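Before any comments, here is the structure.
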């Protein structure tokens with residue numbers, strides 16, 4: 001086997017390993033969940049209005065206050081899905 005083929009195989013293996021690590025990290029963050037109030041609503045800091053909110057989050061990771069096509073709401077929903085949204 002020549003050097004180029006070995007390098008390609010090693011690069012593919014490293015890519016698969018990195019993808020698995022990213023997936024495991026995201027799943028771990030999601031499993032930890034978001035802090036909740038006594039009624040089971042997620043406690044997040046709204047990007048759009050810069051205020052603390054306790055909101056329900058749907059199965060697709062969108063807070064109840066989500067407004068489609070608003071950049072702050074889109075970013076917030078993405079962060080909620082990844083478990084990286086600012087909380088209180």
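Any read-out appearing in this document is the output of simple, stated calculations on the displayed coordinates, not a laboratory observation. The structure displayed is predicted, hence computed values, not measured ones. Positions of Cβ are backbone-derived with ideal geometry, glycine not excepted, and every protein chain shown enters the neighbour counts.
Some values worked out for this structure:
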{"item": "0 to 90° range, to nearest 10: angle between helix 3-32 axis and the chain longest Cα axis", "result": "20"}
{"item": "The chain, helix-only ellipticity at 222 nm - DSSP H runs n ≥ 4, -39,500 (n - 2.57), divided by all residues, nearest 500", "result": "-16500 deg cm²/dmol"}
{"item": "Förster radius 30 Å - calculated FRET efficiency between residue 6 and residue 79 (Cβ-Cβ, nearest 0.05)", "result": "0.15"}
{"item": "Packing rank of 12-22, 75-85, 33-43, 60-70, where each peptide gets the mean count of other beta carbons within 10 Å, highest leading", "result": "75-85, 60-70, 33-43, 12-22"}
{"item": "Structure-derived semi-axes √(5λ) of the Cα gyration tensor in Å: which label, when the choices are (i) 23, 14, 10; (ii) 27, 13, 8; (iii) 38, 14, 9", "result": "(iii)"}
{"item": "Taking the chain and dividing mean pair separation by its residue count, relative contact order in percent (alpha carbons under 8 Å, at least six apart)", "result": "25"}
